[in-house]
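Reading through the structure tokens given below for one structure.
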């Protein structure tokens, strides 16, 4: 059941970024981690992929305009 | 096709263009259709790059204001009438302006929650299976399966004769019904399909109350879901419901865990997370506009959905959400409840950094928008 929600068509792919990836991403988009959109640590998706507060998630959305769009969210308490 | 896409990607990279995936796909499609050579492709990418960069939103553009206008203007043309039936004649679904307001206000209790339940591949055409599930999901009360119901004032009991063919027809389990009845009522005698109930105290009032209670006893159904409608949509059976409980329905066997949805955005957020809620906001808002024959560019709706979901939970647009939580005191005060915000800010000693638009308009400075959003930076002489 836990993994089932990740397959739902409304749920895009969430991936936890490693520390070095986070630094790279933040440099690329010229922003601080706190400026990213947030995701709660008790969010069902964050919970099922085991993300903890402070992690940055890479979200690959299916976009109606761009086809694929990559965005980031900071996990908060 | 894959090769062409790779080729186009290479050319795009060489030209230093940042194209989206769908744009690259479209170019590749054209290349194949027109049978273009490398030189033509080069030229095409060059031209597309020019057009794409021209079409892009410029830095400092007031996208929020444009989005507000673009959603607001068609909004004025929407009918106030709510009596629309979304495809299914038996189910009434709120649409039009009231629905749009419901979405942007992020209401906790929406007026007509509804679900569309799909099934896994092997059950899609299995009408028998779908009907069984539908009866498990849909609410049935004792009243739906009685053949004979009478209140006997002389013997002080309520006698119910269950309609076995009807139970069969509804694909309910007789044992389950008996279990539910026994759980709900202590003084009950069961003789095959005849049940007789006795009130806790032998008074006429109690007896009448008991009769109503027996009649309304729920014998099957998922919490918060009422009526269900089964429909055949393009070779597969789909269940539409009145009321919604995504979490419980997704746990049921045979239910498609990929496509089954609800129109309740808060429920989507609770069960599938914030990103799913964002998708749901876009989908619902666009569906509402489409149904009225209005077209709004998705980008405006996407911006609204992004703002509503940026904080990790779905926030409304307005006093209790985004506008009421702005960092600047002056911006908040200029929206609604001016006195409240100014008073609280002065009590707490809030500082306004004057970084937004509204604050700067109030104090009469150039606003950080468009050409106003750039400043001059000077190198100090050593």
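Values in this text are rule-based calculations from the coordinates and carry no lab data. As the structure is a computational prediction, the values presented were derived from the model and not from experiment. Backbone-built Cβ (ideal geometry, glycine too); neighbour counts: all protein chains shown.
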Nearest 10, in degrees from 0 to 90: the angle of helix B:274-291 to the longest Cα principal axis of chain B is 90 degrees
So the angle from the long Cα axis of helix B:127-137 to the longest Cα principal axis of chain B, reported in degrees to the nearest 10, equals 90 degrees
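Report the FRET efficiency, 1/(1 + (r/R0)^6), for residue B:344 and residue A:77, where r is their Cβ-Cβ distance and R0 is 25 Å, rounded to 0.05.
Once the sixth-power term is evaluated, E becomes 0.50.
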On the formula 1/(1 + (r/R0)^6), with r taken between the Cβ atoms of residue B:377 and residue B:213 and R0 of 56 Å, the FRET efficiency rounded to 0.05 is 0.15
For peptide B:368-374, the mean count of other chain Cβ atoms within 10 Å per residue Cβ is 0
Counting other chain Cβ atoms within 10 Å of each Cβ in B:275-281 and taking the mean gives 6
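Would you calculate, for chain B, the mean residue ellipticity at 222 nm contributed by helices, counting each DSSP H stretch of 4 or more residues as -39,500 (n - 2.57) and dividing by all residues, to the nearest 500? Each step should come with its number before you reach the end.
Values: 16 runs with 177 residues, N = 382.
Only helices count here, giving -14000 deg cm²/dmol.
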Rounded to the nearest 10, the angle in degrees between the Cα long axis of helix B:174-184 and the longest principal axis of the Cα atoms of chain B comes to 90 degrees
From DSSP H assignment alone, runs of 4+ in chain A each adding -39500 (n - 2.57), the sum over residues rounded to the nearest 500 puts [θ] at 222 nm at -6500 deg cm²/dmol
Once both label points are put 7 Å beyond Cα along the C-beta direction, the residue B:327-residue A:65 separation in nm becomes 2.4 nm
At the level of C-alpha centres, the distance separating the stretch B:279-353 and the stretch A:34-69, in angstrom, is 21 Å
Given a Förster distance of 41 Å, the FRET efficiency implied by the Cβ-Cβ spacing of residue B:259 and residue B:61, rounded to the nearest 0.05, works out to 0.65
Relative contact order as a percentage, chain B, C-alpha pairs under 8 Å and 6+ apart, gives 17 percent
With the 8 Å Cα cutoff and a minimum separation of six or more residues, the stretch B:140-220 has a relative contact order in percent of 41 percent
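What order do you get for B:165-177, B:298-310 when each peptide is scored by the mean count of other beta carbon atoms within 10 Å, highest first?
Ranked from most to least packed, the peptides come out as B:298-310, B:165-177.
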With label points set 7 Å from each Cα along the Cα-to-Cβ direction at residue B:235 and residue B:153, the distance between them in nm comes to 6.2 nm
Taking B:265-271, B:201-207 and ranking on average Cβ neighbours within 10 Å, highest first, one gets B:265-271, B:201-207
Within the set B:126, B:144, B:35, GNM on chain B using Cα springs under 10 Å gives the largest fluctuation to B:35
In nm², the average projected area of the convex hull spanned by the Cα atoms of chain B is 33.0 nm²
Percent relative contact order for the stretch A:4-76, counting Cα pairs under 8 Å at least six residues apart, stands at 36 percent
Distribution output for the stretch B:140-220: share of Cα-Cα pairs per 10 Å bin in percent, first bin at 0, values 19, 57, 21, 3
Contour minus Cα-Cα span, residue B:182 to residue B:34, at 0.36 nm per residue, comes to 45.9 nm
Quick calc: nm separation of the 7 Å Cα→Cβ label points for residue B:194 and residue B:42 -> 9.6 nm
